[in-house]
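Report on one structure; see the data block that follows.
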Amino acid sequence: MDTEAHSSIPQTHHRKGGWITFPFITATMAGLTLSAAGWVNNLIVYLITEFNVKSIDAAQIFNVVNGCMALFPVLGAVIADSFVGCFSVIWVSSIINLLGIVLFTFTAALSILRPKPCSDSSLCEGPSEFQYAILILAMGLGSIGAAGTRFSMGTMGANQLDNPKHQENFFNWFLFTWNTASIIAATAIVYVQDDVSWAWGFGICVAANVLGLIIFLAGRRFYRNVKPQGSPFKSLACVIIAAISKRKLQLSAKAQDYHNEIIGDEGKQPVAAAPTESFKFLNRAALVTQSDTEQYGSIKKSWKLCSVQQVEDLKTLIRIIPLWISGIFLSTPIGIQASLTIVQALTMDRHIGPNFKIPSASIMVFVLISGAVSLPIIDRLLCPIWEKVLRRPLTPLQRLGIGHLLNVLSMAISALVEAKRLQITKAHNLQDSPVSVVPMSILWLVPQLIAVGMGEAFHFPGQASLYYQEFPASLKSTSTALVAMLIGIAFYLSSAFIDLFRRMTNWLPDNINQGRLDNVYWVLVVIGGVNFVYYLVCASLYRYQNSLPRNNG
């Protein structure tokens, strides 16, 4: 194996990393996902049944919590990239998550920490300020802790491998492990919470978190820990400041007129000696002037001069931002659908046979099952057939495009199913009875969730591998966290859209039997369609920065 190809990997006396770390990282991911998903999946039902929160309000809280869990990884990634590395972020976040779940367990076990149950003869009593404070603290700690581990685990796992193809395979297994653990959480743990005890359900989450943390720490001696390289955003800001300060200078065609640093030893990919022609106004940031040099010709360190590598890093970010924006409006309809589907499930017949009743939150397991089943089919069957027929591999951008189409299809199915539910509700005169069960099986919701899961199996690994391979080395953790960031923004937008629908229309009353949820889904179909066209334009204009395979093991 070519030793030069590995020069970008920090070396130790005994080489670390590789597939030997795979069992530790995947087992840790399974435990931590089980603990986080165990309290998040059933949050809407917990708020409605134990804290007397109205259904649509609970859906909005659910979206905000999911937004926090998806948005906070960006902060964790910046800390990992800039200061302490992935390992420290993961174990500290695991402890924070544990504290949040312990608080949830207390709220379930101690009646003083939640309001009195509703009765048929009286109005529901909401939680007190103290009870709300404990609940918010539990959700906050749980969100921060889960966020710190979720995507840092992905980055750390990819850092153990050298070959981009191996890294892409890892992201597939990363999502597979995530989905499998989430399936267990959405079925077994939710069943325990609904039919045995909320306290026992949260207690299982505590045990899973502790076990995952122990396994993670046990593999410490095998991990390859990439040394933090300082804040990458400082160098990006430097490029902007330097380019503005030198905006009146003429650009040079000579490579020697630009500042170049030998930075390959710190893990960054080498670039051309002269800046590329795209976004030429930024090239001035690397242009060396007389004021940038010392008396004996050495380069001064200042905010008015950056390296060519730093300039190209910023260009990479600028090129990928339009694609990233399309991901926000890909995930927003999914967030709206996820919360409202649980609200729908609460009104439908959840019996399977005479003795078994599906917990309403468990219906979302079909998204996870669909994703888990689709991933190996895509990886082992579809991709080889695609490559054999077209003589080129399925690219991340093509995977994303297929995910967009499946997402639009799912929203259309959701609209048709909800129209059917409302029709049955009207036929049985149940519009004014929010607690009555509509005689329509909960399994009608399955097709739309299968389509969402299939779509995620295409677009989630596609986004993760695209950002990880295309981003500069100094932003590797941030690259995978950007997937979380767009999901977080999408969940916040989901809550904002739900609030907008409630204010501007009568489609989403507290009693959805009196609303027009099907119209909400049709609006999401339109949003998804417009976003898909926007994505096609962005994808057609995008050029891969690292399109050639790297021969590094």
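Only one of ALA181, ALA188, ALA207 is surrounded by fewer than 20 Cβ atoms within 10 Å (Cβ to Cβ), among the aliphatic types (A, V, I, L, M) and under 17 Å from ALA361 (Cα atoms); which? Walk me through how you get there before you give the answer.
Details: ALA181 fails: surrounded by fewer than 20 Cβ atoms within 10 Å (Cβ to Cβ); ALA207 fails: under 17 Å from ALA361 (Cα atoms).
Sole residue among the options that is surrounded by fewer than 20 Cβ atoms within 10 Å (Cβ to Cβ), among the aliphatic types (A, V, I, L, M) and under 17 Å from ALA361 (Cα atoms): ALA188.
May I ask you to list pairs of residues, at least six apart or on different chains, whose Cβ atoms are under 7 Å apart, with the first in region 509-526 being in contact (Cβ under 8 Å) with a residue 12 or more places away in the chain and the second being open to solvent by less than 10 Å² (accessible area, probe 1.4 Å) and acidic (Asp, Glu)?
Hits for this filter: LEU517/GLU418; ASP518/GLU418; TYR521/GLU418.
Out of PHE83, PHE24, PHE62, PHE72, which single residue is under 19 Å from the mean Cα position of the chain (by Cα), under 29 Å from VAL226 (Cα atoms) and not assigned by the TED database to the domain that holds ILE363?
PHE72 is the lone residue from the list that is under 19 Å from the mean Cα position of the chain (by Cα), under 29 Å from VAL226 (Cα atoms) and not assigned by the TED database to the domain that holds ILE363.
I'd like to know if region 230-252 contains one or more residues that are in contact (Cβ under 8 Å) with a residue 40 or more places away in the chain, open to solvent by less than 50 Å² (accessible area, probe 1.4 Å) and either closer than 15 Å to SER94 by Cα or aromatic (Phe, Trp, Tyr) (or both).
For region 230-252, residues in contact (Cβ under 8 Å) with a residue 40 or more places away in the chain, open to solvent by less than 50 Å² (accessible area, probe 1.4 Å) and either closer than 15 Å to SER94 by Cα or aromatic (Phe, Trp, Tyr) (or both): absent.
Regarding region 123-135, can at least one residue be identified that is open to solvent by 40 Å² or more (accessible area, probe 1.4 Å) and at pLDDT 90 or above?
Scanning region 123-135, I find at least one residue that is open to solvent by 40 Å² or more (accessible area, probe 1.4 Å) and at pLDDT 90 or above, so the answer is yes.
If we scan region 156-171, do we find a residue that is part of a helix (DSSP H, G or I), open to solvent by 50 Å² or more (accessible area, probe 1.4 Å) and under 20 Å from TRP198 (Cα atoms)?
Scanning region 156-171, I find no residue that is part of a helix (DSSP H, G or I), open to solvent by 50 Å² or more (accessible area, probe 1.4 Å) and under 20 Å from TRP198 (Cα atoms), so the answer is no.
Do you know which of the residues in region 270-289 that are open to solvent by less than 30 Å² (accessible area, probe 1.4 Å) and either part of a loop (DSSP other than H, G, I, E, B) or within 18 Å of ILE320 (Cα to Cα) (or both) is modelled with the highest pLDDT? Even if it seems obvious, please write down each step before you answer.
Restricting attention to region 270-289, the residues satisfying the condition of being open to solvent by less than 30 Å² (accessible area, probe 1.4 Å) are 275, 282-283, 285-287.
Checking the rest, the ones that are also either part of a loop (DSSP other than H, G, I, E, B) or within 18 Å of ILE320 (Cα to Cα) (or both) come to 275, 282.
Values: PRO275: 76, LEU282: 87.
This residue is LEU282.
With respect to the numbered conditions (1) assigned to a helix (DSSP H, G or I); (2) buried (at least 21 other Cβ atoms within 10 Å of the Cβ); (3) touching a Ser or Thr at 6+ places or on another chain (Cβ under 9 Å), which one is the sole condition not fulfilled by ILE318?
Failed condition: (2).
If we keep just the residues of region 408-426 that are in contact with a helix residue (DSSP H, G or I) (Cβ under 6 Å, 6 or more places away or on another chain) and open to solvent by 10 Å² or more (accessible area, probe 1.4 Å), which is farthest from PRO461 (Cα to Cα)? Break it down stepwise before answering.
Keep residues of region 408-426 that are in contact with a helix residue (DSSP H, G or I) (Cβ under 6 Å, 6 or more places away or on another chain), which gives 408-415, 417-419, 425.
Keeping just the survivors that are open to solvent by 10 Å² or more (accessible area, probe 1.4 Å) gives 408-409, 412-413, 417, 419.
Numbers: VAL408: 19, LEU409: 20, ALA412: 24, ILE413: 24, VAL417: 29, ALA419: 33 Å.
Looking at residues that are in contact with a helix residue (DSSP H, G or I) (Cβ under 6 Å, 6 or more places away or on another chain) and open to solvent by 10 Å² or more (accessible area, probe 1.4 Å), I get ALA419.
Just checking, which of VAL435, VAL343 is farther than 30 Å from TYR542 by Cα, at pLDDT below 90 and not in a loop (DSSP other than H, G, I, E, B)?
Only one candidate passes the filter, namely VAL343.
Which of the residues belonging to region 141-180 are touching a residue at least 60 places away in the same chain (Cβ under 8 Å) and aliphatic (A, V, I, L, M)?
Of everything in region 141-180, those that are touching a residue at least 60 places away in the same chain (Cβ under 8 Å) and aliphatic (A, V, I, L, M) turn out to be ILE144, ALA146, ALA147, MET153, MET156, ALA158, LEU161, LEU175.
The values are calculated or read from the model by the stated rules, or taken from the named source; none is laboratory data. Fair warning: this is a prediction, and the values are worked out from it, not measured in the lab. Reconstructed Cβ throughout: ideal geometry from the backbone, glycine too, with neighbour counts over all protein chains shown. The accessibility values were calculated without ligands, DNA or RNA, using every heavy atom of the protein model including side chains. Shrake-Rupley method; radii C 1.70, N 1.55, O 1.52, S 1.80 Å.
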